[in-house]
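Chemist: Handing you a structure now.
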Amino acid sequence: MDLTVISTPNAPGAIGPYSQGYTCGDLVITSGQIPVDPATGAIPSGIAAQAEQSCKNVGAILAAAGSGYEKVVKTTCFLADMGDFAAFNEVYAKFFTSKPARSCVAVKDLPKGVLCEIEAIAVK
């Protein structure tokens, strides 16, 4: 099995004992991406801005692996508040236009107190 760690400066570095993602053959699997700006370490305010940054971070990892949003087959989305579902979806839909399979759940807390996190599985 051909496993390769994905590492790019265009997405936040791991803040724990994990990698940004892996390729496994033709699959690309990203770690969950929170809305940290990789250039500054800043976290934007509000669900729309945070959703956009999380999507951009996923996109950077996909690009580093030779994939893209249009090749995503599954996402898992985590929200700190399900009341943000509609606003999150509005932003998410601009990036994941191919409408991959998805799970979206509310969780008690997310790292750094952010409002959302997104992970993805794609093909190359």
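Chemist: Considering only protein heavy atoms and a 1.4 Å probe, what is the carbon-and-sulfur percentage of the accessible area of the chain?
Modeler: 56
Chemist: Taking the convex hull of the alpha carbon atoms in region 78-124, what volume per residue do you get, in Å³?
Modeler: Cα convex hull per residue, to the nearest whole number: 90 Å³.
Chemist: Which FRET efficiency, nearest 0.05, do Tyr18 and Ala39 yield, Cβ-Cβ r, R0 25 Å?
Modeler: For R0 = 25 Å, the calculated efficiency reads 0.75.
Chemist: Across the chain, how many lysine pairs separated by 8 or more positions, or lying on different chains, have Cα atoms within less than 14 Å?
Modeler: 5
Chemist: Hey, another quick one. Region 45-88: Rg/Rh from Cα coordinates, Kirkwood Rh?
Modeler: Answer for region 45-88: 1.02.
Chemist: Further question: Kirkwood Rh, region 1-120, all Cα pairs: how many Å?
Modeler: One decimal place: 14.2 Å for the Kirkwood radius.
Chemist: Now for a separate question. Distance from the Cα centre of region 41-113 to that of region 15-33, in angstrom?
Modeler: Value for the Cα centre distance between the two parts: 15 Å.
Chemist: Using alpha carbons only, how many degrees (0 to 90, rounded to 10) separate the axis of helix 85-95 from the longest principal axis of the chain?
Modeler: Approximately 40 degrees, to the nearest 10.
Chemist: While we're looking at this one, here's another question. Once both axes come from the Cα atoms, what is the angle between helix 47-64 and the longest principal axis of the chain, in degrees from 0 to 90, rounded to 10?
Modeler: Result, in degrees: 0.
Chemist: Another question about this same structure. What's the Kirkwood radius of region 1-56 in Å, using all Cα pairs?
Modeler: 12.2
Chemist: Give me the extension gain from Val105 to Ala86: residue separation times 0.36 nm, minus the current Cα-Cα distance, reported in nm with one decimal.
Modeler: Difference between extended and current length: 5.5 nm.
Chemist: List the residues whose amide H sits under 5 Å from the amide H of Cys104, counting only those 5 or more places along or on another chain, with H placed 1.01 Å from N in the peptide plane.
Modeler: Cys77
Chemist: Hey, another quick one. Amide H neighbours of Gln33 under 5 Å, at least 5 residues apart or on other chains, H built in the peptide plane: list them.
Modeler: Here Ile118, Glu119 satisfy the definition.
The values are calculated or read from the model by the stated rules, or taken from the named source; none is laboratory data. Note that the coordinates shown come from a computational prediction; the quantities given were computed from them, not determined experimentally. Reconstructed Cβ throughout: ideal geometry from the backbone, glycine too, with neighbour counts over all protein chains shown. Protein only, heavy atoms only, side chains kept; ligands, DNA and RNA dropped before computing areas. Shrake-Rupley method; radii C 1.70, N 1.55, O 1.52, S 1.80 Å.
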